[in-house]
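Structure first, then comments.
The values are calculated or read from the model by the stated rules, or taken from the named source; none is laboratory data. Note that the coordinates shown come from a computational prediction; the quantities given were computed from them, not determined experimentally. When we count neighbours, we look across all protein chains shown, and the Cβ atoms used for this are built from the backbone with ideal geometry, even at glycine.
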Amino acid sequence: MGGDSSAVASLLTEGVVQIVATDAAFAAIKDDGSVVTWGQWNRGGDSTAIATLLAEGVAQVCGNTGAFAARKSNGSVVTWGDAFFRFFLLAVAPLLATGVVHICATSVNAFAAFKANGSLVTWGSKFFGGDSSKVAPLLTEGVAQVCGTNTACAALLIDGSVVTWGNDEEGGDSSQVATLLTEGVVEVYNNYHAFVALKADGSVVSWGETSWTHWYTKHLSDVVQVCGAGGAFAAIRSGGSVVTWGDDWGGDSSEVAALLIEGVVQICGGEMAFAAIKADGSVVSWGDSRFGGDSSAVASLLTEG
């Protein structure tokens with residue numbers, strides 16, 4: 001699953017500036033613009049078929065569960081890994097030959113590319129947000145951000161509106177809150193199953209799996225940051241307090257509630273747990289202990305600094 005890099009060890013002794021991964025392979029970008037891969041061959045570990053394209057000029061690499069995508073300095077995109085993803089790339093390949101300025105994995109089985117003209121190009125399984133053809137006219141310019149749940153995507157436009165596509169149940173269908181997403185959104189956040197949009201006035205709008213999510217968040221105000229983890233969200237309010245909601249693995253912060261009343265400046269979400277940094281340099285964690293929710297073993301090291 002990528003743990004053995006001995007076959008390419010001589011290429012990894014110096015010059016590596018970044019490493020990214022799929023679920024069973026790794027790719028290392030070197031300072032000369034080349035890429036070295038290892039791990040399971042059909043998950044991106046074997047890049048020999050496109051080795052000449054990865055020998056120089058690579059500016060960025062990202063991975064989803066089974067494939068990698070590389071952006072080159074000439075604005076083109078190269079992909080390798082699971083043939084499943086390469087098949088879906090064929091339809092948009094001409095759009096990825098030039099002008100790409102950033103790429104990202106939007107869900108477990110999809111990618112997106114930002115172009116210099118402000119448009120967004122997507123590829124991957126239509127069941128996982130890879131097919132944005134239904135909203136394509138809305139993605140031809142002004143795209144500022146894109147993020148994804150497991151099976152759906154949301155794009156924030158520079159006019160403050162939000163466009164969604166993919167699996168309806170996990171956020172692809174935002175019609176129930178559409179009137180709230182036409183303007184004023186400054187950032188969109190996600191967990192595995194739902195989205196939350198933060199608006200300029202500090203309010204939040206949510207949609208996706210779990211119908212109660214929108215009911216809960218419509219009562220929130222003065223929010224400055226939101227973070228997602230698994231099936232839960234955590235929001236920092238302007239006074240430094242934290243509000244959480246969602247499943248028990250992160251949505252329930254009652255055991256550390258007294259520590260989240262004030263002073264929180266940042267939250268990070270893992271798979272089923274959260275960690276919050278406070279202004280005094282201490283850290284508070286909660287959620288599933290198997291995924292980092294219990295930091296008691298190192299608590300003495302997290303009290304400051």
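When both residues are 6+ apart or on different chains and their Cβ atoms are under 6 Å apart, which pairs have a first residue that lies in the range 283-299 and is surrounded by 14 or more Cβ atoms within 10 Å (Cβ to Cβ), and a second that is of a type outside the set (Gly, Ala, Ser) and part of a strand (DSSP E or B)?
So the pair list comes out as Val283/Ile277; Trp286/Phe274; Gly287/Phe274; Gly293/Trp286.
Take Ala59 and decide whether it is farther than 30 Å from Gly171 by Cα and touching a Phe, Trp or Tyr at 6+ places or on another chain (Cβ under 7 Å). Show your work before the answer.
Details: farther than 30 Å from Gly171 by Cα: yes; touching a Phe, Trp or Tyr at 6+ places or on another chain (Cβ under 7 Å): no.
Considered against the rule, which asks whether it is farther than 30 Å from Gly171 by Cα and touching a Phe, Trp or Tyr at 6+ places or on another chain (Cβ under 7 Å), Ala59 comes out as no.
Mind listing whichever residues of the range 120-134 are at pLDDT 95 or above and under 22 Å from Leu198 (Cα atoms)?
Listed by number, the list holds a single entry, Leu120.
List pairs: first residue in the range 155-177 and at positive phi, second residue in a helix (DSSP H, G or I) and surrounded by fewer than 21 Cβ atoms within 10 Å (Cβ to Cβ) anywhere in the structure, Cβ distance under 9 angstrom, at least six positions apart or on different chains.
Between residues of the range 155-177 that are at positive phi and residues that are in a helix (DSSP H, G or I) and surrounded by fewer than 21 Cβ atoms within 10 Å (Cβ to Cβ), the close pairs are Gly166/Lys126; Gly166/Phe127.
May I ask you to list the residues in the range 271-304 that are more than 10 Å from Trp249 (Cβ to Cβ) and not hydrophobic (A, V, I, L, M, F, W, C)?
The answer is Lys278, Asp280, Gly281, Ser282, Ser285, Gly292, Asp294, Ser295, Ser296, Ser300, Thr303, Glu304.
Only one of these is under 23 Å from the mean Cα position of the chain (by Cα) and more than 26 Å from Ser133 (Cα to Cα): Asp23, Asp4, Asp46, Asp82. Name it.
Result: Asp23 is the single residue among Asp23, Asp4, Asp46, Asp82 that is under 23 Å from the mean Cα position of the chain (by Cα) and more than 26 Å from Ser133 (Cα to Cα).
Can you go through Ser241, Ser203 and tell me which one is in contact with a helix residue (DSSP H, G or I) (Cβ under 9 Å, 6 or more places away or on another chain), closer than 30 Å to Ser296 by Cα and surrounded by fewer than 23 Cβ atoms within 10 Å (Cβ to Cβ)?
On inspection, the qualifying residue turns out to be Ser241.
In the set Gly39, Gly45, Gly2, Gly66, which member is farther than 23 Å from Phe114 by Cβ, surrounded by 16 or more Cβ atoms within 10 Å (Cβ to Cβ) and modelled with pLDDT under 90?
Gly2
Restricting to the range 257-272, give me the number of residues that are crowded, with 18+ Cβ neighbours inside 10 Å and either under 20 Å from Val223 (Cα atoms) or among the hydroxyl-bearing types (Ser, Thr, Tyr) (or both).
Residues that pass the stated criteria total 5.
Mind checking which pairs have a first residue in the range 2-18 that is touching a residue at least 12 places away in the same chain (Cβ under 8 Å) and among the aliphatic types (A, V, I, L, M) and a second that is part of a helix (DSSP H, G or I) and surrounded by 14 or more Cβ atoms within 10 Å (Cβ to Cβ), Cβ under 6 Å, 6 or more apart or different chains?
none
What about Ser211, is it small (Gly, Ala, Ser), buried (at least 16 other Cβ atoms within 10 Å of the Cβ) and at pLDDT below 95?
Here the answer is no, as Ser211 does not meet what is asked.
How many residues, within the range 156-197, are β-branched (Val, Ile, Thr) and either under 21 Å from Thr65 (Cβ atoms) or assigned to a strand (DSSP E or B) (or both)?
First, pick out the residues of the range 156-197 that are β-branched (Val, Ile, Thr): 158, 162-164, 177, 179, 182, 185-186, 188, 196.
Now drop any that are not either under 21 Å from Thr65 (Cβ atoms) or assigned to a strand (DSSP E or B) (or both), which leaves 162-164, 185-186, 188, 196.
Final tally of qualifying residues: 7.
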